[in-house]
Amino acid sequence: MSFSLAEVARVSHELWPLSGAEDWDAPGLISGDPARRVDSILLAVDVVTETVAEAITSGADLLLAHHPLLLRGVTSVSEDRYKGALLARLIRADCALLAAHTNADVVEDGVSDVIASRLGLVDTRPITSGLVPGTGIGRVGRLPEPTTLGLLARRLATLIPPTATGVRVAGGYAETIETVALCGGAGDSLLGDAAVRSADVFITSDLRHHPASESREQSILAGVGPALIDVSHWASEWLWLDVAAAALRHRLPGIRIEVSDVRTDPWDFVVTQ
């Protein structure tokens, strides 16, 4: 059984409504003929050379990515620029491109929900609530039993795929952790949120020097505030792909749906001193 690209896009938008996307975001159908039949879908976090090659080689009719290829203003898709070159390769191979980004972050069973579930958090709620109850940016919840910061970091490292930068932690190894706030992808904009400030730890990605340092210094001054755990952006969002694939298989029976295990984290190795 096959579906048209328009039907696949409609299902995607029902699972991850475009209305849930942030104003700056650009999810949805990026390229492809809506009337073309879709028999195979490849899911990936990023649209890069390797995932495009994988989609084409595997015969996928659609590459469904978490990150939009054309997120910011683009005035040219010339093939001497990588975005134009990738888009041209997909179009020539009759492989459509669709993105589900922040609209897939905020929903139940979305990116942050999946991390919270894998950690076993209970009584979870969004850090920043959306218009629909139960949706919103990030998640905060409780561990079933308290643990230490070090053990939580080690557990998290076993849940996400390995990357060169691993898991970075700011805080004492033996600190007691019960309340966890988290945001898949880049979440340093949430460092000042009350739900994050009152948690024992905040797990996210792409923490920059100054926001992380200022958060920790404020915690030292106030005597309260979260420890920080920083993981790979790609790794934190890759966990969602299996859940997304299962949802698509349920709604699109007969279509071959696969998850790319290509590591698209940009860092290849680190050198320790």
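The values are calculated or read from the model by the stated rules, or taken from the named source; none is laboratory data. Source: prediction; values computed, not measured. So basically every Cβ, Gly included, is an ideal-geometry build from the backbone, and we count neighbours across all protein chains shown.
Structure summary
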| item | result |
| --- | --- |
| Given (1) farther than 29 Å from residue 253 by Cα; (2) touching a residue at least 12 places away in the same chain (Cβ under 8 Å), index of the condition residue 60 fails | (1) |
| Breaking point among (1) in contact with a strand residue (DSSP E or B) (Cβ under 8 Å, 6 or more places away or on another chain); (2) in a helix (DSSP H, G or I); (3) assigned by TED's automatic domain parsing to the domain that holds residue 254, for residue 116 | (3) |
| Scope the range 213-248; condition farther than 30 Å from residue 41 by Cα and in contact with a strand residue (DSSP E or B) (Cβ under 6 Å, 6 or more places away or on another chain); matching residues | 216, 226, 227, 228, 229, 230 |
| Residue within the range 83-102 that is more than 28 Å from residue 30 (Cα to Cα) and either without any contact (Cβ under 8 Å) to a residue 12 or more places away in the chain or touching a Ser or Thr at 6+ places or on another chain (Cβ under 9 Å) (or both) present | no |
| Of all residues in the range 124-164 being part of a loop (DSSP other than H, G, I, E, B), of a type in the set (Val, Ile, Thr) and at pLDDT 95 or above, the one that is surrounded by the most Cβ atoms within 10 Å (Cβ to Cβ) | 127 |
| Identity of the residue in the range 76-123, of a type in the set (Ser, Thr, Tyr) and more than 26 Å from residue 56 (Cβ to Cβ), that ends up surrounded by the fewest Cβ atoms within 10 Å (Cβ to Cβ) | 117 |
| Given (1) at pLDDT 95 or above; (2) touching a helix residue (DSSP H, G or I) at 6+ places or on another chain (Cβ under 7 Å); (3) surrounded by 14 or more Cβ atoms within 10 Å (Cβ to Cβ), number of the condition residue 6 does not satisfy | (2) |
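A quick yes/no check of all residues on (1) surrounded by 14 or more Cβ atoms within 10 Å (Cβ to Cβ); (2) closer than 17 Å to residue 129 by Cα; (3) within 19 Å of the chain's Cα centre (by Cα):
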position: 166; (1), (2), (3): yes, no, yes
position: 169; (1), (2), (3): yes, no, no
position: 174; (1), (2), (3): no, no, no
position: 181; (1), (2), (3): yes, yes, yes
position: 186; (1), (2), (3): yes, no, yes
position: 195; (1), (2), (3): yes, yes, no
